[in-house]
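The values are calculated or read from the model by the stated rules, or taken from the named source; none is laboratory data. Computed from a predicted model, the values in this text were never measured in an experiment. So basically every Cβ, Gly included, is an ideal-geometry build from the backbone, and we count neighbours across all protein chains shown. Surface accessibility is based on the protein's heavy atoms, side chains included, excluding ligands, DNA and RNA. Shrake-Rupley method; radii C 1.70, N 1.55, O 1.52, S 1.80 Å.
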Amino acid sequence: MDIAHGYAAVLTTPLGKLGISTCETGVTGLSFLSPETPDFIATTPLAKKVSSQLQAYFINPQMDFDLPMLSEGTSFQKKVWQALRTIPSGTTLTYGALAQQLKTSPRAIGGACRSNPLPIFIPCHRIVSQQGLGGYSGSVEGPNLDIKSWLLCHEGYSIKHG
């Protein structure tokens with residue numbers, strides 16, 4: 001990992017700059033960065049694989065990620081994140097529906113989504129509220145919600161604006 005950046009790679013994507021964090025055995029984080037962040041080309045085999053798969057996703061949102069993901073979290077968060085990975089591209093579930101499946105509350109699902117260190121790879125953007133999009137990365141408006149909208153549209157989900 002490049003110490004100056006703190007990331008194994010920094011990519012320019014349709015969503016802006018993304019920072020990829022890895023360790024020797026897996027992907028540990030994906031961060032949305034400021035536009036001024038310079039690109040940093042992946043140099044390790046894992047970072048190259050992650051970069052390649054992200055680029056492939058932005059071309060074909062139906063592709064499945066095949067990466068060793070090491071997400072730090074509680075056992076509950078990991079249970080929610082595993083469930084999120086089963087939601088197909090172009091499909092959404094409500095916080096309530098996933099909560100019912102996992103026998104918990106919608107608020108707890110939202111908390112686990114907010115703590116997701118691997119957005120896109122663990123597709124928390126596919127969880128929506130009954131009344132609309134819900135939140136994304138702890139925000140219910142602004143740039144984070146724009147990212148969620150873009151991801152859902154990219155995957156073929158039709159967003160209705162009231």
Quiz item: So which residues in the range 81-115 are surrounded by 15 or more Cβ atoms within 10 Å (Cβ to Cβ) and of a type in the set (Val, Ile, Thr), if there are any at all?
Solution: Ile87, Thr92, Thr94, Thr104, Ile109
Quiz prompt | Residue list for the range 71-106, restricted to those being among the basic types (Lys, Arg), within 15 Å of the chain's Cα centre (by Cα) and in a helix (DSSP H, G or I) | solution = Lys78
Quiz item: So Leu30 fits all but one of (1) touching a residue at least 40 places away in the same chain (Cβ under 8 Å); (2) touching a helix residue (DSSP H, G or I) at 6+ places or on another chain (Cβ under 6 Å); (3) not polar (S, T, N, Q); what number is the exception?
Solution: (2)
Self-check item: Top-ranked residue of the range 49-80 - restricted to ones that are among the charged types (D, E, K, R) and within 16 Å of Ile20 (Cα to Cα), ranked as surrounded by the most Cβ atoms within 10 Å (Cβ to Cβ)
Solution: Lys49
Exercise. Using the structure shown, decide if Gln131 is free of Cβ contacts under 8 Å to residues at least 12 places away in the same chain and not β-branched (Val, Ile, Thr).
Key: yes
Quiz item: Which members of the range 1-37 meet the condition of being part of a loop (DSSP other than H, G, I, E, B), more than 23 Å from Pro143 (Cβ to Cβ), open to solvent by 30 Å² or more (accessible area, probe 1.4 Å) and of a type outside the set (A, V, I, L, M, F, W, C)?
Solution: Glu24, Thr25
Quiz item: Any residue in the range 38-48 that is open to solvent by 60 Å² or more (accessible area, probe 1.4 Å), in contact with a Gly (Cβ under 6 Å, 6 or more places away or on another chain) and not in a helix (DSSP H, G or I)?
Solution: no
Quiz item: Looking at the range 136-160, which of its residues are assigned to a loop (DSSP other than H, G, I, E, B) and touching a Leu at 6+ places or on another chain (Cβ under 7 Å)?
Solution: Ile159
Quiz item: So which of Ile109, Ile122 ends up being at pLDDT 95 or above, at negative phi and part of a helix (DSSP H, G or I)?
Solution: Ile109
Practice problem: Tell me, yes or no, whether the range 94-110 has at least one residue that is in contact with a Lys or Arg (Cβ under 7 Å, 6 or more places away or on another chain) and either among the aromatic types (Phe, Trp, Tyr) or within 24 Å of Thr22 (Cβ to Cβ) (or both). | Solution: no
